[in-house]
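Any read-out appearing in this document is the output of simple, stated calculations on the displayed coordinates, not a laboratory observation. Note that the structure is a prediction, hence the values are computed from the model and not measured. As a convention, Cβ positions derive from the backbone with ideal geometry for all residues, glycine included, and neighbour counts pool all protein chains shown.
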Amino acid sequence: MAALVITVSQDGTGQYRTVQEAIDAVPLGNTRRTVIRVSPGTYRQPLYVAKTKNFITLVGLRPEDTVLTWNNTATSIHHHQGAGQAVAVRVTVDRCAFYNCRFLGWQDTLYLHYGIQYLKDCYIEGSVDFIFGNSTALLEHCHIHCKSAGFITAQSRNSPQEKTGYVFLRCVVTGNGGTSYAYLGRPWRPFARVVFAFTYMDQCIKPAGWNNWGKIENEKTACFYEYRCFGPGWCPSQRVKWARELQAEAAEQFLMHSFIDPESERPWLAQRMALKIPYSA
């Protein structure tokens, strides 16, 4: 079945003027690939996609030109008051992918709450715990920017039986230059699991690398790993003793798409990556 294409434009040349109107037009329990093409512009509106509105693809020309924003914070309904808690996107769903997107915020920018996600060629910025939650996520070729002192990740795996965790594969971590002021992560829950592999880290990353969130007991349970990273912020000899530099055999499970897409269980990723939808098609 051919994909259904819906167009959104603020000037009235599309089928809808707002992104939420287009999302609302998709039926619950949707079974048809639905492409929502969003014309360039800044769309100021909170957006909600129900879990059962499956097979939706939002497409824009460039992430710099098509902006979805609302400017909420945890303490203010309508006004962004400085560098506060403000979730840009909360993902509570399985089989979700983001390509060439930008996630902009300060604290708690990207809430990978639950499910399985794949992010490729994305830009994510923030300060404190700005990639957080308990999903299973692979971030590949992404640019992570630390805007001020804080922590990149706050993963929240609750037990060693859970298969959740974040893998940063062939990514770039940058800061504002000068001193070292950011950590790679801290455990929001005791068994947090985060891996950085083949990733460039500039000087913004503190030599210690990881933080125990003020609880020594977290050092026995958190799984914080690095593998063949590089750059002035990669200081394996100065990392906290309870973090681990992986060897090749131990790292293998984190270096392939099978981390989020076991072939016997979830063929969705290969199908999703094969779906090439240019904006103008």
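List the residues, sorted by chain then number, that are 5 or more residues from residue 58 or on another chain and whose placed amide H is less than 5 Å from its amide H.
Answer set, sorted by chain and number: 36.
Collect residues whose amide H, placed 1.01 Å from N in the peptide plane, falls under 5 Å from the amide H of residue 30; neighbours closer than 5 in sequence don't count.
54
Taking the Cα centre of the chain as the origin and placing charges on Cβ (Lys, Arg +1; Asp, Glu -1), which of 105, 204, 156 is farthest toward the positive end of the dipole?
156
Cα to Cα, under 26 Å, and not fewer than 8 places away if on the same chain: which lysines meet these conditions relative to residue 163?
51, 53, 120, 215, 220, 241
Given +1 on the Cβ of Lys and Arg, -1 on the Cβ of Asp and Glu, and no further charges, what dipole in debye does region 1-70 carry about its Cα centre, rounded to the nearest 20?
Working: 8 positive and 5 negative charges, 53 e Å.
In total the dipole reaches around 260 debye.
Report the residue, chosen from 27, 207, 40, that carries the largest GNM mean-square fluctuation when the chain is represented by alpha-carbon nodes joined by springs under 10 Å.
Maximum among the listed residues: 27.
Just subtract the alpha-carbon distance of residue 21 and residue 161 from 0.36 nm times their residue separation and send over the number in nm, one decimal.
Working: separation 140, 0.36 × 140 = 50.40 nm, distance 4.07 nm.
Result: 46.3 nm gained on full extension.
When averaged across all projection directions, what area in nm² does the alpha-carbon convex hull of region 1-70 cover?
Working: hull surface 18.3 nm².
Answer in nm², one decimal: 4.6.
222 nm [θ] for the chain, helices only, -39500 (n - 2.57) per DSSP H run of 4+, per residue, to 500?
Details: 3 runs with 17 residues, N = 281.
Calculated from helices alone, the mean residue ellipticity at 222 nm is -1500 deg cm²/dmol.
In a GNM of the chain with a 10 Å cut-off on Cα contacts, which of 237, 180, 156 has the highest mean-square fluctuation?
Top of the fluctuation ranking is 237.
How long are the three semi-axes of the equivalent ellipsoid of the chain, in whole Å, if each is the root of 5 times an eigenvalue of the C-alpha gyration tensor, listed from largest down?
Details: eigenvalues 220, 94, 56 Å².
Listed largest to smallest, the semi-axes of the chain are 33, 22, 17 Å.
Could you state the number of Å between the C-alpha centres of region 87-120 and region 197-241?
23
Quick check on packing: order 14-26, 188-200 by the mean number of other C-beta atoms within 10 Å, highest mean leading.
Details: 14-26: 17.4, 188-200: 21.9.
Top of the packing list down: 188-200, 14-26.
Would you pull out the residues with amide H under 5 Å of residue 110's amide H, same chain only if 5 or more places away, H placed 1.01 Å from N?
For residue 110, the qualifying residues are 88, 131, 132.
Gain in length, residue 45 to residue 69, computed as 0.36 nm per residue apart minus the alpha-carbon separation, to one decimal in nm?
On the way: separation 24, 0.36 × 24 = 8.64 nm, distance 0.63 nm.
The span from residue 45 to residue 69 would gain 8.0 nm if fully extended.
Arranged from highest to lowest average of other beta-carbon atoms within 10 Å per residue, in what order do the peptides 121-132, 165-176 appear? Could the numbers behind the result be given before it?
Values: 121-132: 22.7, 165-176: 21.2.
Per-residue mean Cβ counts within 10 Å order the peptides as 121-132, 165-176.
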